[in-house]
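Student: One structure, pasted below without further comment.
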Amino acid sequence: MTKNLHLWVIPLLPLIGTAINGLLGRRFKNAMVSAVALLFTAASFGWAVWAVWTVWPGSGIALPHIETIATWITAGSFSAPFGFYLDQLSIVMVLVVTGVGFLIHIYSVGYMAHEGGYYRFFAYLNLFMFFMLTLVLANNYLLMFVGWEGVGLASYLLIGFFFLKDSAADAGKKAFIVNRIGDMAFLIGMFLLIQHFGTLDFGGKAGVFAQVSKFAPEAGWGWITITALCLMFGATGKSAQVPLYVWLPDAMEGPTPVSALIHAATMVTAGIYMIARSHAIFNLAPHALQIVAIIVFITAIFAATMGMAQTDIKRVLAYSTVSQLGYMFLACGVAAYSAGIFHLMTHAFFKALLFLGAGSVIHAVGGEQDMRRMGGLWRKIPWTFGVVTIATIAIAGIPPFAGFFSKDEILGAVFHSPYGGPVIWGIGVLTAGLTSFYMFRLLFMTFFGDLKLGSVDIGEEAHAAHAPAQAAHGSASHSHGHADDQSHGHGGVHESPWVMLAPLVVLAALSFVGGWVGVPQFMGGHNEIEHFLAPVMQSGPSVSGEAVSDKDATTSHAGEATPEKSSEEWLLAGTSIVAAFVGLFFAYLLYYKRPELPDRITSKMHGIYMMVLHKYYVDEGYGAIFIKPLLALSTVVLWRGVDQGVIDGLVNGAGAASRGVGHELRQMQSGNIRSYAAWVALGGAAIVAYMIWLGVTR
Amino acid sequence: MVPLSWYLILSGILFSLGVLGFLLKRNIITIFMSIELMLNAVNLSFVAFANYWHTHLPPGQNTIIPLSGQVFVFFVMVVAAAEAAVGLAIIISVYRTRETLNVDRVNLLKL
């Protein structure tokens, strides 16, 4: 330990903010609450920047930088300390979490200004920051798991922030429970690690990674593969992948800044972070990597198609998030971890921007979330329009915006990887096209055409899927919409205040330039991010499969690329750009040029459309397969059978038995002295008989 | 010499008579006398055993305090006398209030 950076301060600062706002905030004025929240978040960001500055490569401090504060749990030979771990990977994560988190805090000051429970909101938000920073800075899986569970808790609290609304409360519970399922797998993975390594520490000589690197990659289904699969399943819960993605679209019930911070930019990327952190384990388990690749390519395409049919602006973004997270997992699945982290970073910028922009739109139109009722807003809210356009171009993957570079890097890695190949690459490109389509659809529906606020009849069958939820949205959820109506003269569309626009502008700038740190070699860049992350990602052993892709990646980016290699890269990049423009073209055609076309298409392909609109009936399927049997089991067996039958039976039976016995015995106390005497005599006779019997048998 | 068993049989008969009288009679005076009968049956066995141990054990093994059985009999008599005094007083009091000596009609002392 060369220098003590006091890394523990970084997560602790937001916790202090939580404590102040949570315990005392009720009495504070709103300005005071936001001042406290912003101060501690900014301080945390500042400390993180300082720490990163101090350990920046070239400063002479070796990475990973490990700090152990105290012992936390000791049991036999196993111990888990309060330790913090700073390496290139956590540097990226910490900066993204604190930086984007701070911007979203600023935005929330404006967005939540008219909501009730202002102090509660900021207390939760700071609590989330605390747990997220614990997660990314932890030095062992157990401490990471604390953060992991904690962000789940914060997510639950914030999704259910409008807890008077049933749909929000239900969505919170759903998110929490679905996450628990994944967490169980994560726990089992940790138990397996303890069983085989006796430790959960990341680094150090006796750490998991040092130990695991002594193993050879598993050909079959050994315990390393099982561990990797458990960790991956845990990640699918947190990062909303098939089969556990169902909670994320519903999580949009929360306030929009929450959707941006937790359900787009930071928390949902925890799974990717965890897998990238555990890459040493995954590299040894080719089967697990293969399964990751398959699952996520299903997720990416699945979510992208679902996003096309949604009409709720935030739900479109939610499915888009699921799809983009699929991209990051895809990168992990083909062992291109740094590409995944790169996309995580750029995605944090532009997806947070999209959500905040959507929030600004919702704010502008007074709480409306249905895109079919919007339109023509670009004149009225030009700033929002501008930043959302930048974010849309970024996510669609059009250069030189951020999304292009990270997405292209993932797709390139997929193409060359033994786990990917042209087929999965093709699906990835198709997904990119779909992404571009639904994002521009959102853009055209929201900002172009005519404003249809309240005038469009959307009582068609299409609405059946979430009519109740939206009805609730329209009326109850956004009380600030009503507040706005009053203060701004009945629903006049208006630009958001500067406190909301400023973070948008910063994020827009990041969405624009954020990708330039990863300009690939063949385009004349240096791919800084890959070089930056390389020490982390190569600490694990290179195994046959990964060695090929690693070498591919490094050689092609290291300037030794042959002309064919380079032209192939250009071709791949060109294909994804073409896909993006095709998506843009179709969105333009269907939702700007010929707005009557979509209806005709949907009526022609009614079956497919309904299936997509109802999200492939996955929720209904889960309901029928898991929830109904579980409910039936709980009701019939556990409740009626075990609880009412056995447990209540035992308790009531004990009571009834003593009553019964007492009732019988009471007959003996008749008040008749001669019957008392008879009992005494009987007793005496019994004793005498016993004594005689003893004497006889002796 | 009369064997010990005879005393004990007589004592048992007397005790059983006392028990029977206690159980079967309704007059409280008779019940009272039955109690005395049982007490004296026990007294008889006390005296019989005391005499038996006194005469039949060899001197070396005889660790019994002399006359201990007889002393117990006196204790029993004293207690019986005290009981008779208290009991008869209660009987008189009961008779004064309830004007009966039938125990079946004196059954208020119950739950």
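Laboratory data are not the source of any read-out in this text; all were calculated from the coordinates shown. Predicted model, so just to flag it, every value in this text is computed and none were measured. A quick note on method: Cβ atoms are made from the backbone with ideal geometry, for glycine too, and the neighbour counts reach across all protein chains shown.
Student: Tell me the net charge near residue A:137. Cut-off is 14 Å between Cβ atoms, residue A:137 excluded, with +1 for each Lys or Arg and -1 for each Asp or Glu. Display every interim value, and only then the final one.
Tutor: Values: positive: A:277; negative: A:67, A:87, A:201.
Here the count lands on -2.
Student: Grab the DSSP H runs of the protein assembly as shown that are 4 residues or longer, score each as -39,500 (n - 2.57), total them, divide by all residues and round the 222 nm result to the nearest 500 deg cm²/dmol.
Tutor: -22500 deg cm²/dmol
Student: Run the numbers for residue A:605 and residue A:30: contour at 0.36 nm per residue of separation, minus the present Cα-Cα distance, in nm.
Tutor: Here the segment from residue A:605 to residue A:30 would lengthen by 201.9 nm.
Student: Segment A:601-617 to segment A:396-414: how many Å between their Cα centroids?
Tutor: The two parts, judged by their Cα centres, are 30 Å apart.
Student: Quick one: helix A:166-197 against the long Cα principal axis of chain A, what's the angle to the nearest 10°, folded into 0 to 90?
Tutor: With both axes taken from Cα atoms, the answer is about 80 degrees.
Student: Among B:5, B:84, B:102, whose Cα lies farthest out toward the positive end of the dipole of segment B:4-105, if unit charges sit on the beta carbon of Lys, Arg (+1) and Asp, Glu (-1)?
Tutor: B:102
Student: Kindly rank A:269-279, A:53-63 from highest to lowest mean number of other beta carbons found within 10 Å of each residue. Please list the in-between numbers first.
Tutor: On the way: A:269-279: 26.2, A:53-63: 13.2.
Packing proxy ranking, top to bottom: A:269-279, A:53-63.
Student: I've got another one for you. Treating the angle as unsigned and between 0 and 90°, give the value, to the nearest 10°, between the Cα long axis of helix B:4-24 and the longest Cα principal axis of chain B.
Tutor: 10 degrees
Student: Tilt of helix B:68-98 relative to the longest C-alpha principal axis of chain B, in degrees (0 to 90, nearest 10)?
Tutor: 0 degrees
Student: Under the classification rounded if a/c is under 1.5, otherwise prolate if a/b is larger than b/c and oblate if not, where does segment A:130-179 fall, given a ≥ b ≥ c as square roots of the Cα gyration tensor eigenvalues?
Tutor: On the way: a/c = 5.53, a/b = 2.61, b/c = 2.12.
Prolate is the answer for segment A:130-179, as a/c is 1.5 or above and a/b outweighs b/c.
Student: Residue A:405: net charge of surrounding residues, Cβ under 14 Å, Lys/Arg +1, Asp/Glu -1, itself excluded? Before the final figure, lay out each step's value.
Tutor: Working: positive: A:407; negative: A:408, A:409, A:528, A:530, A:569.
That sum, taken over residues with Cβ under 14 Å, equals -4.
Student: Efficiency by 1/(1 + (r/R0)^6): what FRET value for residue A:219 and residue A:196, r their Cβ-Cβ distance, R0 = 30 Å, to the nearest 0.05?
Tutor: Result of the calculation: an efficiency of 0.95.
Student: Averaged across B:97-108, how many Cβ atoms of other chains sit within 10 Å of each residue's Cβ atom?
Tutor: 2
Student: Residue B:92 to residue B:80: extension gain in nm, 0.36 nm per residue of separation minus the Cα-Cα distance?
Tutor: That pair, residue B:92 and residue B:80, stretches by 2.6 nm at full extension.
Student: How would segment B:4-105 be classified by its alpha-carbon gyration tensor: rounded, prolate or oblate, with rounded meaning a/c under 1.5 and the a/b versus b/c comparison settling the rest?
Tutor: Oblate shape, in that a/c is at least 1.5 and b/c is the bigger or equal ratio.
Student: Per residue of A:674-681, how many C-beta atoms from partner chains lie within 10 Å of its own C-beta, taken as a mean?
Tutor: Mean partner-chain Cβ count within 10 Å for A:674-681: 4.
Student: Highest mean first, how do A:307-317, A:21-31, A:333-343 rank when packing is the count of other Cβ atoms within 10 Å averaged over residues?
Tutor: Per-residue mean Cβ counts within 10 Å order the peptides as A:333-343, A:307-317, A:21-31.
Student: Could you work out how far the C-alpha centroid of segment A:309-347 sits from that of segment B:48-92, in angstrom?
Tutor: Measuring centre to centre over Cα atoms gives 103 Å.
Student: How would you classify segment A:578-625 from its alpha-carbon gyration tensor, with a ≥ b ≥ c the square roots of the eigenvalues: rounded for a/c under 1.5, else prolate if a/b is greater than b/c, otherwise oblate?
Tutor: Since a/c reaches 1.5 but b/c is at least a/b, the shape of segment A:578-625 is classed as oblate.
Student: Further, regarding this structure: For the protein assembly as shown, treating each Cα as an identical point scatterer without solvent, what Debye log10 I(q)/I(0) comes out at q = 0.05, 0.09 1/Å?
Tutor: For the protein assembly as shown, the Cα-only Debye profile gives -0.42, -0.83.
Student: Still on this structure: With unit charges on the beta carbon (Lys/Arg positive, Asp/Glu negative), name the residue among A:431, A:364, A:337 whose Cα is farthest towards the positive pole of the charge dipole of the protein assembly as shown.
Tutor: Final value for the positive-end residue is A:364.
Student: Counting alpha carbon pairs within less than 8 Å and at least 6 residues apart, what relative contact order, in whole percent, applies to chain A?
Tutor: Reported relative contact order: 12 percent.
Student: Moving on. Find how many whole Å separate the alpha carbon centroid of segment A:231-292 from the alpha carbon centroid of segment A:103-182.
Tutor: After rounding, the separation between the Cα centres reads 15 Å.
Student: Gain in length, residue A:509 to residue A:625, computed as 0.36 nm per residue apart minus the alpha-carbon separation, to one decimal in nm?
Tutor: 37.1 nm
Student: Could you sort A:367-377, A:215-225 so that the peptide with the highest average Cβ count within 10 Å comes first and the rest follow in order?
Tutor: The densest-packed peptide leads the list: A:367-377, A:215-225.
Student: May I pose another question? Which residues among segment A:146-173 fall inside the zone where the amide N is under 18 Å from a point 7 Å beyond the Cα of residue A:70, along Cα→Cβ?
Tutor: A:146-147
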